[in-house]
Amino acid sequence: MINLSNATKRFGDRILYQNASFLVRPGDKIGLVGPNGAGKSTIFRIIAGRDHLDDGTLSIDPGVLVGFFDQNVGEMRGRSALAECMAGVGRVSEIGAELAKMEERMGRMGDEPMGDDEMNRFMERFGELQMEFQNRGGYDLESRAQAILTGLGIGPVIYDRPVESFSGGWKMRIALAQILLLNPDVLLMDEPTNHLDIESIIWLEEWLKSFKGALVMTSHDREFMNRICGRTIEIANKTITTYSGNYDFYLKDRELRREQQISAFKRQQEMLSKEEEFIAKFAARASHAAQVQSRVKKLDKIERVEMPVETKKIHFEFGQAPRSGNDVVRMESLAKVYDTPEGGTHSVFSGISGVISRQNKIALTGVNGAGKSTLLKVIAGLTEPTSGKSILGASVNMGYFSQYSCDLLTAENTIWEEVTNRLPLASIGYLRSLLGAFMFSGDDIDKKIRMLSGGEKSRVMLACILAQPVNFLILDEPTNHLDIDSRETLLEALQQFDGTVLIVSHDRYFLHGLANRVFEIDHGIMRTYEGDYSYYLEKKAILTK
């Protein structure tokens, strides 16, 4: 379907990939991986026709429809959510409009008859359009649009809400729904799980599993990738490499290939050293001139094996957490009610009671809008409960990271200025080590905050929070914008943290690896599960049968 051959792409004077190739076949489910800045999004833009190769060829089979979802949703205005979703189907919408005109023309045939040849051409065209419209799902377009929107968390109550009234994250869901409704032959998806809650991610996962076309996607959600993708393509170190398995397979095979390359490099270096030693020893002897020249020519022709490049990763370890009391938080009949714009009230949750004990690692779960972030703010003391009490225990030093913490960074500060302002007592050596641990070194520390990506801003904010002498961490979606490697390193650090953690995250792999208790907010009440995330899923499955 799609063949990228001997492709070279440059970004300024930097080579993203050179003489690289890969193939997208019918029905492929491909995970596209690689470090930030390697060129994954550029590959999508090239296939979608928004960018071009500097050298090499891109061939797409005739008639193949490519759909591309990225993080730039563009302008959305003047339609309802449902109408906006349906407006994005492109060719299907055009066919529907043409069929409507042709049906209208057929209704006037008694008054405006056609000749036989014209009629034959007309009916042949009508039949072709009907067939394509049916194959593209045109006849059940509205019902499919409704099902997709509902699956992504935009239910019937808000189908007709003006699209401009939605936040950026919800507009992203509408844009995602547009691409799914398009039902293309090849689906390109750049981070489709951003801004989705776990329920929507699970729905999208099932939809993509049953999708008949080919899929190429990036995702920072390891479990999502593993469940969907049967092949993995890595863009790294100026090349593109294909692995015939999911993300876990890719990690193992990549490490195996890396070990083999290191062994080959060492063997070659030993051979080269011996040859060069021979040449140096006998270069001046006429009796060995032929042998020396032969070995010189041999060395000139040898293709040199390169040492694998080490991937840059976050490396962070907590210091010893100050000991807190055994009861870190005690919640007593907490309730939160908001006033609505219409003059009424909305109850977020009520009657929430429970204890967070020292060294608990608690996952706070619930559907989008259940009140998870609100409960975290109440516990953190950032908003008052309408009734009830949340009491911090003795000697609790709290660190709080929210989805919007990065908004608190000063745009005109450099990374160095931001961190030194937030950690005024830390030594220069410690701060440099801290920033290095979060992948900011050399000239990076002089970058302005406003120039950073979402992931870079998250790393700056996490560095500032995690460097404090805290023993209770409240984390609201800390993995948003972090790549898989950064997520896993953060997970390892939190696993070793000997304090207490309360976390909201839509990354199931992260929750499986961290939580030893689960609090679930469901219809305004909180259920407690005295086990890890797998235990919670088992018990929840029983409750929902």
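Where a number appears in this text, it was derived from the coordinates with a stated rule and is not lab data. Note that the structure is a prediction, hence the values are computed from the model and not measured. Neighbour counts run over all protein chains shown; Cβ positions are idealised from the backbone, glycine included.
Once a ≥ b ≥ c are taken as the square roots of the eigenvalues of the Cα gyration tensor of the stretch 178-334, is the result rounded (a/c under 1.5), prolate (a/b larger than b/c) or oblate (a/b not larger than b/c)?
Numbers: a/c = 5.03, a/b = 1.89, b/c = 2.67.
Oblate, since a/c reaches 1.5 and b/c is not below a/b.
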In Hz, Karplus ³J(HN,Hα) per residue of the stretch 50-65 (6.51, -1.76, 1.60; θ = phi - 60°; x = Gly, Pro): 9, 8, 9, 7, 7, 7, x, 10, 10, 10, 10, 4, x, x, 6, 8
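Quickly rank 121-132, 25-36, 2-13 as a protection proxy: mean count of other C-beta atoms within 10 Å, highest first. Could the numbers behind the result be given before it?
Numbers: 121-132: 13.0, 25-36: 18.8, 2-13: 14.7.
Final packing ranking: 25-36, 2-13, 121-132.
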LEU473 long-range amide H proximity, modeled H, under 5 Å: GLY399, THR500, VAL501, LEU502
Gain on full stretching of the segment that runs from MET451 to ILE302 - 0.36 nm per residue minus C-alpha separation: 49.2 nm
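May I ask you to order 396-408, 456-468 by the average number of other C-beta atoms within 10 Å around their residues, highest value first? Display every interim value, and only then the final one.
Numbers: 396-408: 17.3, 456-468: 21.5.
In descending order of packing, they fall as 456-468, 396-408.
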Inter-centroid distance (Cα atoms) of the stretch 252-271 relative to the stretch 1-68, Å: 28
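Considering only the other residues whose Cβ falls under 10 Å of the Cβ of LEU16, what net charge follows from Lys and Arg at +1 and Asp and Glu at -1? Could the numbers behind the result be given before it?
On the way: positive: LYS9, ARG10, ARG14, LYS40, LYS238; negative: ASP54.
Net charge around LEU16: +4.
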The chain: relative contact order in percent, alpha carbon pairs under 8 Å with at least 6 residues between: 15
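When Lys and Arg each count +1 and Asp and Glu each count -1, what net charge do the other residues less than 14 Å away from ALA280, Cβ to Cβ, add up to? Walk me through the numbers before you get to the answer.
Working: positive: LYS274, LYS281, ARG285, ARG295; negative: GLU275, GLU276, GLU277.
Here the count lands on +1.
Fully extended, how many nm does the chain gain between GLU342 and ILE391 (0.36 nm per residue separation, minus their Cα-Cα distance)?
Contour length minus Cα-Cα distance gives 14.3 nm.
Let me know the volume per residue of the alpha-carbon convex hull for the stretch 90-135, in Å³. Don't jump to the answer; show the numbers that get you there.
Numbers: hull volume 2.7 nm³, N = 46.
That works out to 59 Å³ per residue.
Taking a threshold of 23 Å on the Cα-Cα distance, which of the pairs LYS9/LYS171; LYS9/LYS297; LYS9/LYS40; LYS171/LYS377; LYS29/LYS361; LYS9/LYS301 fall above it? Mind dumping the intermediate values first?
Details: LYS9/LYS171 31 Å; LYS9/LYS297 33 Å; LYS9/LYS40 11 Å; LYS171/LYS377 25 Å; LYS29/LYS361 34 Å; LYS9/LYS301 27 Å.
Violating the 23 Å limit, Cα to Cα: LYS9/LYS171; LYS9/LYS297; LYS171/LYS377; LYS29/LYS361; LYS9/LYS301.
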Residues of the stretch 28-54 with amide N under 18 Å of a point placed 7 Å along Cα→Cβ from ASP253: 28-35
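So what's the net charge close to CYS464: Lys and Arg +1, Asp and Glu -1, counting the other residues with Cβ under 15 Å from its Cβ?
Numbers: positive: ARG422, ARG432, LYS457, ARG459; negative: ASP407, GLU417, GLU418, GLU456.
Overall, the nearby charge balance is 0.
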Virtual spin-label span in nm between ARG121 and SER167, 7 Å along Cα→Cβ: 5.6
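Please sort 161-172, 505-516 by packing, taking for each peptide the average over its residues of neighbouring beta carbons within 10 angstrom, highest first.
Numbers: 161-172: 15.4, 505-516: 21.5.
Packing order, densest peptide first, comes out as 505-516, 161-172.
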Answer label, with P(r) over Cα pairs in 10 Å bins from 0, in percent calculated from the coordinates and candidates (1) 3, 12, 13, 9, 6, 5, 5, 6, 8, 9, 8, 7, 5, 3, 1, 0; (2) 3, 14, 21, 23, 17, 10, 6, 4, 2, 0, 0; (3) 4, 17, 27, 24, 16, 9, 4, 1, 0: (2)
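Please figure out what share of the DSSP beta bridges in the chain is antiparallel and state it in percent, rounded to the nearest 5. Display every interim value, and only then the final one.
Details: 38 of 71 bridges.
Percentage antiparallel, nearest 5: 55.
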Fraction of antiparallel bridges per DSSP, the stretch 327-543 only, in percent to nearest 5: 55
Approximate spin-label separation ALA335-GLN71, in nm, with each point projected 7 Å along Cα-to-Cβ: 4.1
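To the nearest 500 deg cm²/dmol, what mean residue ellipticity at 222 nm is calculated for the chain from DSSP H runs of n ≥ 4 alone, each contributing -39,500 (n - 2.57), summed and divided by the residues? Working shown, then result.
On the way: 17 runs with 218 residues, N = 545.
Calculated from helices alone, the mean residue ellipticity at 222 nm is -12500 deg cm²/dmol.
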